[in-house]
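Here the structure is laid out as structure tokens; the discussion comes afterwards.
The values are calculated or read from the model by the stated rules, or taken from the named source; none is laboratory data. Keep in mind that this is a model prediction, so the values were computed, not measured. Positions of Cβ are generated from backbone atoms using ideal geometry, with glycine treated the same way; all protein chains shown enter the neighbour counts. Note: areas computed on protein heavy atoms with side chains; ligands, DNA, RNA excluded. Shrake-Rupley method; radii C 1.70, N 1.55, O 1.52, S 1.80 Å.
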Amino acid sequence: MGEEDTVTVDQNSFGGGKDSMLRNRHSSPLPSPTQLSSKVITLPTVLTLGRVAAVPILVATFYVDCWWGKTATTSIFIAAAITDWLDGYIARKMRLGSAFGAFLDPVADKLMVAATLILLCTKPMVAVVLGPVPWLVTVPSIAIIGREITMSAVREWAASQNGKLSEAVAVNSLGKWKTATQMIALTLLLASRDSSFERLLPSGIGLLYVSAGLSIWSLVVYMRKIWRVLLKK
């Protein structure tokens, strides 16, 4: 899930997409009002809206019990990850960033990632050595989704306080690596549902746990920064 996690707008921005190849747009500070497009609907925003609209389609294809359903689900997720990067690139190059896009981009990222994690939890993965392990995906999914909910609340609170608190929760490189591994892991896990690619399962599981670890680590880093700011008051 998106390292959207800041109200920075390169995109129009989790996320977007969402850290390395997916979140480069989050490295820039929030543009001034004069740098934002006056239009509500721009090309980057349309791409972001497309990711939101793709979520119910992703859910529907996930439960289609045939080869094309698995292929469609994986393809939709990959397309979402690509557009997550693309909308930010277009917004920067064409200066089409907008306040609405800045709000919507992390929402789209979180919806796509959370939906995918929940879907994977409904069908326990079969570990090569251990056999069916119901909690294999559930544990890291709880960590990732829980972290995103917590950071969203923390950032909203920080935005209502002072500038130093907002700076303390600005996206860092750790968050970007978290999102990058998260997106790759989910792509591998979706693809591994096809018997032709089931060998990707161990790599997908491993990267998902790495992403979960980075999620918790980045949350701790943010909380420490906030605590230091509060102690200086």
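Worth pointing out:
- Counted residues, region 120-151 - those being open to solvent by 10 Å² or more (accessible area, probe 1.4 Å), at pLDDT 90 or above and aliphatic (A, V, I, L, M): 5
- Leading residue by the ranking (surrounded by the most Cβ atoms within 10 Å (Cβ to Cβ)) among those in region 203-222 that are in contact with a helix residue (DSSP H, G or I) (Cβ under 8 Å, 6 or more places away or on another chain) and of a type in the set (Val, Ile, Thr): Ile205
- Within region 59-117, restricting attention to residues that are basic (Lys, Arg) and in a helix (DSSP H, G or I), the residue that is most open to solvent (accessible area, probe 1.4 Å) is Lys93.
- For region 175-184, filtering for residues that are surrounded by fewer than 23 Cβ atoms within 10 Å (Cβ to Cβ) and under 22 Å from Leu58 (Cα atoms) leaves 3.
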